[in-house]
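The values are calculated or read from the model by the stated rules, or taken from the named source; none is laboratory data. For clarity, every value in this text was computed on a predicted model and none was experimentally measured. Here the Cβ positions follow ideal geometry from the backbone for every residue, glycine too, while neighbour counts run over all protein chains shown. With ligands, DNA and RNA removed, areas are computed over all heavy atoms of the protein, side chains included. Shrake-Rupley method; radii C 1.70, N 1.55, O 1.52, S 1.80 Å.
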Amino acid sequence: MAQDDDWEKKRDRFLRPESMVGTRFKQEPETASETDSRQMQQRLAKCVYFDSMEELDTLLANSDFERIDFSATAFEPGEFFDDIDFSRCIGRAMKSSHYKMMVSMNYSTLRNLLVEEAYNHANKRAPVREEGAPLLVADRFAYTRGGPRAQVMAEVSDCISYRRPDLAHTFLDARPGTSNETEALEALYPTLLTCLETDDAGNLSTSLVRRMVADGMWARSYHGAFAAAETETADAE
């Protein structure tokens, strides 16, 4: 988690076998399974978002899938993890059977996890897209200040949230690594292929698809783009 120069040394010390209290056996560190890792990431993001909702909403509005404009937020890059009390949330994300846990996460990964928590917090039910709502959420950071790759990712995620917000909501509502998530992804898969303009998206991980879907659903919700644009008409003379 730490972003300082001594991080590698701290990590090496952390990974040395430890003697548990009350035992003489050394405990080797274990790498979490993919399912456990994704579920712990979700608990971690939920804790972080709950404690700083307003500040993190601003951060999300000034970021995209791969970049954060910290100058437009209340955070400093070098102090970000301390400001959001990341270490405490690591403890909250741990299971009772865990003795210690090390988390390695960069800014963009955490940002993309927070997008899902922000969307789920604001949308307990699946939003309904009104007729006349825009296909692309033009106001979002990816289009106004993002790079080419971020814009492509935004176009795909906007397409998904435009075409099937109901299925996208069900997908995000499912717990990572469960059968519910698998079933929801299968239902959403045709829409994903349409928006990717491909016949096969087999090389995309479920985790990546989930972050793309969350990004699109949050952006459309935050910018009010599920509703049709209001138009003004001049009074007839």
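Structure notes:
- Distance between modelled label sites at A228 and E130, nm, 7 Å Cα→Cβ extension: 0.8 nm
- 3J(HN,Hα) couplings calculated from phi for the range 186-200 with the Karplus curve 6.51 cos²θ - 1.76 cosθ + 1.60 (θ = phi - 60°) are, in sequence order, 4, 5, 7, 4, x, 5, 4, 4, 4, 6, 7, 6, 9, 9, 8 Hz; Gly and Pro show x.
- Taking all protein chains together and a 1.4 Å probe, the residues T191, T198, T182 rank T182, T198, T191 from largest to smallest accessible area.
- Extents of the range 135-199, largest first, come to 38, 25, 18 Å (Cα atoms, principal axes, whole angstrom).
- The range 76-176: C-alpha pair distances exceeding 17 Å, %: 67 percent
- Per-residue SASA remark: L208, around 60 Å² accessible (1.4 Å probe; ligands, DNA and RNA not included).
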